[in-house]
Amino acid sequence: MTVKKNILLIVIFIFAVLTLFINKLTSPRVLSTNELLINGLFLYEAPKEISDFTFFSSNKKEFSKSDLQGKWTLMYFGFTKCPDECPTTMYQISKLIKVLREKNYPLDDKQWILVSIDPERDTPEQIDKYAKGFDEAFVGIVNNRPMLLSLATQLSVNNVMPSSDKSDHSHLDNHVNNIILLNPNGEFAGIFRPPFDLPRLSLTYQSVTSK
């Protein structure tokens, strides 16, 4: 009886060790602030509060600061007629989403938002359709220039007023190609800086959002 009991205890011990080992291999590694920075994510020591805002997606659906609550949000500022930087970055984020799905990473509290920096030409329907062209999980939003400037300024995204010449779109040429990270409290938590590649983006994103 004692021998059987000892064998059972050994089996339980081995099982526990294997479970811990597998969990360590599959769990995202938590990086230090310096490691995050080296891999392209600047994380604020103290997340920054942002003021309320209201944008619109397709079907006149509103998106405001309250929609940030309880979710990790990746927010990117771009526009539908962007020639290269926007589609390249959106594609990298879409690959990140795909990898996370394949790993069964929890996504119920994650969201992906594209904010139009060209509200004079992008409609809510257009920007949302453009965003969903990369992945159905994306939500594209837009509002007038003053609302855009307010949010963009708070999130360290350079944006300027267009000229009176409606054919002049040079104000769109120098937008900052960063990905903004907002935490579940609706605060500005950090900035993913280019160049973007999937391994680094996946590593840093999981490290922060798995805490």
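Quick note: the coordinates plus some simple rules give every number you see, no bench work behind them. As the structure is a prediction and not an experimental result, all values here were calculated from the model. Don't worry about glycine lacking a Cβ; one is built from the backbone with ideal geometry, like all the others, and counts go over all protein chains shown.
Filter the cross-link list K60/K98; K48/K110; K60/K129; K65/K95; K61/K95; K60/K103 down to pairs whose alpha-carbon distance in this structure exceeds 24 Å.
K60/K98; K65/K95; K61/K95; K60/K103
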| note | The summed charge of the L148 Cβ neighbourhood (under 11 Å; Lys/Arg +1, Asp/Glu -1) stands at -2
| request: Please report the relative contact order for region 31-209, taking Cα pairs under 8 Å with a sequence separation of at least 6, and give it as a percent rounded to a whole number. | output: 34
| request: Determine the dipole magnitude for region 31-209: charges of +1 sit on the beta-carbon of Lys and Arg, -1 on that of Asp and Glu, nothing else is charged, the reference point is the Cα centre, and the result goes in debye to the nearest 20. | output: 300
| Hey, got a sec? Which trypsin sites (Lys or Arg not before Pro) in region 30-94 land in a DSSP loop and have at most 11 other Cβ atoms within 10 Å? | none
| query | Under a Cβ-Cβ cut-off of 11 Å, what is the net charge of the residues other than G190 that fall near it, where Lys and Arg count +1 and Asp and Glu count -1? | reply | 0
